[in-house]
Each structure stands twice: as structure tokens, then as C-alpha cells.
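The values are calculated or read from the model by the stated rules, or taken from the named source; none is laboratory data. A quick note: this is a predicted structure, and the numbers were derived from the prediction, not measured. Cβ placement follows ideal geometry from the backbone for every residue including glycine, while neighbour counts extend to all protein chains displayed. These area figures cover heavy atoms from the full protein model, side chains too; ligands, DNA and RNA do not enter into them. Shrake-Rupley method; radii C 1.70, N 1.55, O 1.52, S 1.80 Å.
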Amino acid sequence: MPQYRPDRFRRVGREFFWVVVGQAIATLGGLVGVRLLTGLLPPNAYGDLALGMTLATLVNQIVTGPIANAASRFFSPAREANELESFLEALRRLLVKGTVVVLLVAGSISLVLLINGQFEWLWLGLAAFSCALLSGYSGALDSMQNAARQRSVVAWHQALSTWGRFLAAAGLVLWLGPTSVVAMLGYVLATLLVLLSQFLLFRRTLRATDNIRGEEGMPHQCWDTRMFIYAWPFATWGILTWAQMASDRWGLQVFVSNRDVGLYAALYQIGYSSVSTAAGLMAQLVGPVLFQRAGDTSNTSRMVQVNMTNRLLTFGTLGLTAVVFVTAAVYHDPIFRIFVAPEYASVAYLLPWMALAGGLFAAGQAASLNLMSSLATRALLMPKIGTGILGVGLNFLGAALFGIPGVVVASIIIAAVYFVWILVITRSSVLQFNSSTH
């Protein structure tokens, strides 16, 4: 019988408390921020801001996000092996290479916009790429703090990031005028402040860590290779994932108007983003524990525990989604009156369906932690690529035929297909693991 460890339970309890606090404050900040910006920006400007943020999402999906995922996965093994110095040096090189790629892409897009005289989009694009780079560095630091289980630090930065972005954007809009470029500059300013705080606190974490360099030391190239092998599938499917995530907004821009993009963006943030963030609460708590427990995946009993915990996490996320869907179905009008400006209320009836899509996607993400813990990220290639291609087609088709409702229906189909696909792959992986250990 496992020995009762009160110190372990107290630590998990403290971690759970800080994760809940961080996510709750961040989610509330997102809702309040939407109310602030929708009250200050007309739907067309809010729509332009949403389109500009798709550029930041592109950078996150194909460059900085995969690096942050690798940092999160290998921080604990590196610390366990007393190889943090080599690991951090390898991570720094990956971030430098990623930055060069982003600058080349940003320069190419800016040149095209400049030649075509699209100066407003030029400034919006430059601000978006700046925000994306700063957010990428911030994400890498945040992922390592989370892997180190510094939950209070992560909670503080989550809250500061969300509230800071919207408050800075609102302040600059009141000062300089209600444009998407001004709002994006507010995002950049807030992200920079968060990054500085993260850097200072991460240095404190390292100073508190003994033996960051092993006696013999792992060669730099070893950590480079391990992180690259782990991260490249994320970057491979990232372009299609981004296309699927951005195609809803661009589909509405092409077939309807930027005003509808603004209406949809508010609906998305209140429904999809808020629910997926809330549903990710347990994933944020459990993810580092799963990675730490899995280690290098060589211990069979530890991997069995990882599989069981991940199954509970996945179906717990589905249960939360059901509760949120019913609540939104009953109270969608009051929710919109509280969190969104009156100009945007025409899409309130779609809130429960947008929340359903966000919850199903979050459940798929929770299930995928099993494959990430097993270092089997390549198994995610097909569902990510497949749903990405499907998503682009359905989003443009839905926007062209039915406008915003069509895009919402497309989001539900995409999220459901993704969840079922991940569930099937995860179950197959677990069965294969069980058969190989008997």
C-alpha cells in the first residue's frame, strides 16, 4: 500500500490553489478586457485587431510555441540530471534561430505591404510581430517556471499578462485614439513588462537550484537534438493549425465584413477562449506532474500512473464542458450584457455553441498530454494536419454560406473531430504500451 505523504499532499494542495487563482484571475481579466475594448473600439476596429493577432498566432504556432513546449517537457529531466546549464544554453540557441526566422518573415511581409501602400496594415503587422516575439520569450520562461512547479510565479504572470494587455491597450486607446494599431501597441507594452518580471524571477529560481551543471556534463548537442526532435512535429502541423485558427476571421473578412470579424472575435473570446482557458486549468496543474512522473519513459509503473491520470483529466474536462454549455444556453443574454458592449449583442445566442467548441478542443488537448508525456509527439501529426485542412475548408465554407453562424458550426465540427481522433490515437498508444509490458 502506498505510504501516506502529508508533505506531498500539502504541496499539491498549494499548487492547485495557485493554478486556480492564476487561471481565475486571468479568465476574469480576459472577460473584463473584452468589455473594455469592445466599449472603446467599434466592431470594425476590433475586427482589424483580431486579424492582426492572427499574425502573432502564426509566430506562436510555427516558431515560439514548439520551442516553449520543448522547454516545458525537458526542464525537469535536465534538472534531474543536473544538466540545466547545458539545457538552457541549447534553449537559448533555439530561441535565437527562431527569432531570425520571425524577423525574416516579418521583413518580407512588411516589404510587400510597403510596396502596396498598405501603411495601416504595415504598422499593425509590425506591432503584431513584436508582440509575438515578446510573447514567445515569455512563453518559454513561463513554461519552465511551470515545469519547475513555481505555481505562484506562473499565476502572477498569467494574471499580469491578461490584465496588463487589456488595460494598457485601453489606456493607449483613450490617449491616442480608437484604432487597432494603438490597441496592439498596448499589447506590446504589457507583454514587455511581463517578460522583464519573468526574467528576474526566473534568475532567482536558478540561483535557488543546486548543481545546475553535472559533474561530467551532457554535451550541448544532445539537448539541442532532443528538443528539436520533440519540437519539430509541433512546428510541422503549426502552419495548418494556424491556418485553421485564422481562417474563421479571414473567411468572415473575405465573404462578409470586418465588422462581422469584430462581432465574431468578441464571441470567440467570451465563449471559446474563456472555456478553453478554464478547461485548461487542470491541464496546467497536471501537465508538469505527468512530465516529471514520466521522466525518460523507461519506468513502466510510472507510465501506467501517467495513463490513468491523463484519462481522468480528459473526462473531467468533458464534464466541465457540459456544465458550461448548459449554463451558457440558459444565461447567454445576461452574460453578454455584462461582458460585451451592446453593439455586439446580436451574436449572444451563439455563446453556448462557441463554448461547446472550446470545451471539446480543450478535452482533445488534455488527451494529447498522454502522447507528449510518452515523447510520442509524431503521433499527433496526422490529427493536427488533418483537422487543420478540414478546418480551413469548413471555416471558409461556413463564412461564405452562413456568415458567423456558419463559422460557429464549423468550429464545433472541427473540435469534435479533433477530440475523437486524439482519443482513438491515445487509446491505441496505451493498448500498445500495455501489450509490450506483458
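Here is how the numbers come out for the structure above:
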{"item": "Among the candidates Val153, Val102, Val63, residue that is of a type in the set (Val, Ile, Thr), in contact with a Gly (Cβ under 9 Å, 6 or more places away or on another chain) and modelled with pLDDT under 85", "result": "Val63"}
{"item": "Residues of region 164-194 that turn out to be among the β-branched types (Val, Ile, Thr) and either under 22 Å from Tyr137 (Cβ atoms) or free of Cβ contacts under 8 Å to residues at least 12 places away in the same chain (or both), as a count", "result": "3"}
{"item": "Residues satisfying the stated conditions in region 113-126, i.e. under 17 Å from Leu51 (Cα atoms) and open to solvent by 60 Å² or more (accessible area, probe 1.4 Å)", "result": "Gln118, Phe119, Glu120, Trp121, Trp123, Leu126"}
{"item": "Elements of type helices (runs of 4 or more DSSP H) in region 10-127, at least 1 residues being over 27 Å from Ala170 (Cα atoms) and within 22 Å of the chain's Cα centre (by Cα)", "result": "65-80, 84-115"}
{"item": "One residue from Thr162, Thr191 being within 18 Å of the chain's Cα centre (by Cα), modelled with pLDDT under 90, assigned to a helix (DSSP H, G or I) and buried (at least 22 other Cβ atoms within 10 Å of the Cβ)", "result": "Thr162"}
{"item": "Cβ-Cβ under 6 Å pairs, at least 6 apart or on other chains, region 57-75 side within 14 Å of Ala243 (Cβ to Cβ), far side of a type in the set (S, T, N, Q) and open to solvent by 10 Å² or more (accessible area, probe 1.4 Å)", "result": "Gln61/Thr241"}
{"item": "Failed criterion for Tyr268 (all others in (1) under 30 Å from Leu28 (Cβ atoms); (2) without any contact (Cβ under 8 Å) to a residue 60 or more places away in the chain; (3) of a type in the set (Ser, Thr, Tyr) hold)", "result": "(2)"}
{"item": "Contacts under 8 angstrom Cβ, first residue in region 401-416 being over 14 Å from Gly358 (Cβ atoms), partner among the hydroxyl-bearing types (Ser, Thr, Tyr), 6 or more apart", "result": "Ile404/Tyr264"}
{"item": "Exclusive hit being open to solvent by less than 10 Å² (accessible area, probe 1.4 Å) and farther than 15 Å from Ala266 by Cα, set Ala81, Ala68, Ala24, Ala90", "result": "Ala90"}
